[in-house]
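**Student:** Mind having a look at this structure? Questions to follow.
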Amino acid sequence: MLDGLRVVELAGPDIWGAAAVAHCGRILADLGADVLKVEPPEGDPVRHVPPFLGERPDTERGLLWIALNANKRGAVVESRDRARRDELIADADIVLQPSLVVDPANADQRLIVVTITPYGATGPLAQTPASDLEVTAASGSLWLAGEPGGAPVRTTLPQSPFWTGTYAAAGALLAVIARRTSGHGQHVDVSGQQSMVTVHPPAAVFSDVAHEEHMRLGPNLLGRSIVGARFRNIWPCADGHVSFAIQGGPIGRHTGRMLAAWMAERGFVAPLLRSTDWDKFDNRTLSQADVDALEEEVGSFFRTLTKREFFEGVIARNMLGYPVADAADIYADEQLKARAFWQDVSIDGTTLSFPGGFALFDGERPAIRRPPPALVTTTPARDALRTR
């Protein structure tokens, strides 16, 4: 889709910026753009992030590095060598940068400059470095996650660099479209904090409409009740957890009806579920005591099922619900396999399965065309656009 589009991606000074820029570049590279990653001789910071293939530190074998930098070419440029950097940028359509290395005001009028920083390129926190923990805290995302009455809980793996990189890729491509009519590039200034705020707009809407703040609810759902009752959404099962909620509406009532019948087939005594008039069921008006009593019956049943048994039963009955997948479940997922999501790539003799592109285009998924660039510390002075 982006064949002929030339992108120069500048390495970041820190892991957050480097990861956000690299993720943006990887999206564009997967879509066919020619992405040239420019690093200092010591390499991009992401190269040094564990874990590593072979379980020993190696700048070529970091798994995060490999994941974020496939489909790119590379060049090594000393940080102080502005002339070489400008030479690389001269023919580019887009520059991706984790700080204001390239001043948009002085750039070629057709160049699109995408600056990706934790807080944006303007304002009192402009150019302030941050980690994923700080960005998620500043955006409010951290405040929303955790147990009722407990402290905020961070998602184990970083989220903000990748949300931000995704929005940056969208912004870059919109600027490309605009340039077709205006003839001018733009400065696309992407803030990690603002990107993460947009991830959870219901929190702000709920505050405005219900005049209450979204609170941490752990495994429960908010917004299903007009009397303040909480509904469980994550349930323990025989070999992990499943996602399920007692709900109203056409599909929710159908799900409740099917669940009651399923439990009866398995010999479970569930008088509340069986006696519920699902044609008239309205979860919004249930008291917390009513919810707790129903969920006690549901939970006792789910604890006897494996994730596979739960999912097969849900699909067979056209119910709402899904197992909570771990990494092994995702890799074995039949839906992903059917859509050829995984692509095998050889890295130094080791075969790795890469997640594929985010979409199929005319039935085909963008391919992993090349492994990430190797770090070469000595290069011919003008060999700027070589492949490595």
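**Student:** Just give me the residues in the stretch 131-160 being among the charged types (D, E, K, R), at pLDDT 90 or above and either surrounded by fewer than 16 Cβ atoms within 10 Å (Cβ to Cβ) or touching a helix residue (DSSP H, G or I) at 6+ places or on another chain (Cβ under 6 Å) (or both), in sequence order.
**Tutor:** Within the stretch 131-160, Asp132 is the sole residue that qualifies.
**Student:** Further, regarding this structure: Taking the stretch 247-291, which residues are of a type outside the set (Val, Ile, Thr) and in contact with a strand residue (DSSP E or B) (Cβ under 9 Å, 6 or more places away or on another chain)?
**Tutor:** As a first pass, look at the stretch 247-291 and keep what is of a type outside the set (Val, Ile, Thr): 247-250, 252-254, 256-268, 270-275, 277-284, 286-290.
Scanning the stretch 247-291 gives Gln247, Asn283, Leu286.
**Student:** Let me ask something else about it. Could you check how many residues of the stretch 218-238 are at pLDDT 75 or above, under 25 Å from the mean Cα position of the chain (by Cα) and hydrophobic (A, V, I, L, M, F, W, C)?
**Tutor:** Selection size over the stretch 218-238: 3.
**Student:** Restricting the search to the stretch 74-103, which residues are assigned to a helix (DSSP H, G or I) and open to solvent by less than 40 Å² (accessible area, probe 1.4 Å)?
**Tutor:** Hits for the stretch 74-103 are Arg84, Arg85, Leu88, Ile89.
**Student:** Would you check if Gly54 is open to solvent by 40 Å² or more (accessible area, probe 1.4 Å), part of a helix (DSSP H, G or I) and on the phi > 0 side of the Ramachandran plot?
**Tutor:** Values: open to solvent by 40 Å² or more (accessible area, probe 1.4 Å): yes; part of a helix (DSSP H, G or I): yes; on the phi > 0 side of the Ramachandran plot: yes.
Here the answer is yes, as Gly54 does meet what is asked.
**Student:** Also, quick follow-up: In this structure, is Ala293 more than 30 Å from Val76 (Cα to Cα), open to solvent by less than 70 Å² (accessible area, probe 1.4 Å) and modelled with pLDDT of 90 or more?
**Tutor:** yes
**Student:** Name every residue in the stretch 277-300 that is without any contact (Cβ under 8 Å) to a residue 40 or more places away in the chain and either under 16 Å from Ile251 (Cβ atoms) or among the hydrophobic types (A, V, I, L, M, F, W, C) (or both), in order of residue number.
**Tutor:** Trp278, Asp279, Lys280, Phe281, Asp282, Ala289, Ala293
**Student:** Name every residue in the stretch 246-260 that is surrounded by 13 or more Cβ atoms within 10 Å (Cβ to Cβ), among the hydrophobic types (A, V, I, L, M, F, W, C) and either touching a residue at least 40 places away in the same chain (Cβ under 8 Å) or within 24 Å of Val227 (Cα to Cα) (or both), in order of residue number.
**Tutor:** Hits for the stretch 246-260 are Ile246, Met258, Leu259.
**Student:** For the stretch 126-159, what are the residues that are within 30 Å of Ile89 (Cα to Cα) and without any contact (Cβ under 8 Å) to a residue 24 or more places away in the chain?
**Tutor:** Ala126, Thr128
**Student:** List the number of the failed condition for Ala325; all other conditions in (1) outside any helix (DSSP H, G or I); (2) closer than 15 Å to Thr255 by Cβ hold.
**Tutor:** (2)
**Student:** Limited to the stretch 105-127, what total is found for residues that are open to solvent by less than 80 Å² (accessible area, probe 1.4 Å), closer than 19 Å to Ala11 by Cβ and out of contact with any Asp or Glu (no Cβ under 6 Å at 6 or more places or on another chain)?
**Tutor:** Summing the residues that are open to solvent by less than 80 Å² (accessible area, probe 1.4 Å), closer than 19 Å to Ala11 by Cβ and out of contact with any Asp or Glu (no Cβ under 6 Å at 6 or more places or on another chain) in the stretch 105-127 gives 8.
**Student:** Considering each of Ser182, Ser207, Ser191, Ser195 in turn, give the residue that is farther than 27 Å from Ala293 by Cα, modelled with pLDDT of 90 or more and either in contact with a Cys (Cβ under 8 Å, 6 or more places away or on another chain) or surrounded by fewer than 14 Cβ atoms within 10 Å (Cβ to Cβ) (or both).
**Tutor:** Ser182
**Student:** Considering only the stretch 221-242, state which residues are in a strand (DSSP E or B), touching a Gly at 6+ places or on another chain (Cβ under 9 Å) and surrounded by 18 or more Cβ atoms within 10 Å (Cβ to Cβ).
**Tutor:** Once the filter is applied, which keeps residues that are in a strand (DSSP E or B), touching a Gly at 6+ places or on another chain (Cβ under 9 Å) and surrounded by 18 or more Cβ atoms within 10 Å (Cβ to Cβ), the stretch 221-242 yields Arg232, Trp235, Val242.
**Student:** Somewhere in the stretch 44-51, is a residue within 28 Å of Glu134 (Cα to Cα), open to solvent by 10 Å² or more (accessible area, probe 1.4 Å) and in contact (Cβ under 8 Å) with a residue 24 or more places away in the chain?
**Tutor:** yes
**Student:** Do we find that Val345 is modelled with pLDDT under 90 and among the aliphatic types (A, V, I, L, M) in this structure?
**Tutor:** Judged against the criteria, Val345 is a match.
**Student:** Go through the stretch 272-328 residue by residue and tally those that are among the basic types (Lys, Arg) and under 14 Å from Asp239 (Cβ atoms). It would help to see each step written out before you state the result.
**Tutor:** Residues of the stretch 272-328 among the basic types (Lys, Arg): 274, 280, 284, 303, 307-308, 317.
Remaining after also requiring under 14 Å from Asp239 (Cβ atoms): 303, 307-308.
Number of matching residues: 3.
**Student:** Quick test for you: out of Leu64, Leu10, Leu28, Leu36, pick the one residue that is buried (at least 17 other Cβ atoms within 10 Å of the Cβ), within 25 Å of Ser160 (Cα to Cα) and touching a Lys or Arg at 6+ places or on another chain (Cβ under 7 Å).
**Tutor:** Matching residue, one of Leu64, Leu10, Leu28, Leu36: Leu36.
**Student:** Continuing with the same structure: Can you tell me how many residues within the stretch 348-376 are of a type in the set (Asp, Glu) and either part of a strand (DSSP E or B) or modelled with pLDDT of 90 or more (or both)?
**Tutor:** 2
**Student:** Exactly one of (1) in a helix (DSSP H, G or I); (2) at pLDDT 95 or above is unmet by Leu125. Its number?
**Tutor:** The one condition Leu125 does not meet is (1).
The values are calculated or read from the model by the stated rules, or taken from the named source; none is laboratory data. On a predicted model such as this, the values are computed, not experimentally measured, just so you know. Cβ coordinates were reconstructed from backbone atoms using ideal geometry, including for glycine residues, and neighbour counts include every protein chain displayed. What goes into the accessible areas is simple: the full protein's heavy atoms, side chains included, and nothing from ligands, DNA or RNA. Shrake-Rupley method; radii C 1.70, N 1.55, O 1.52, S 1.80 Å.
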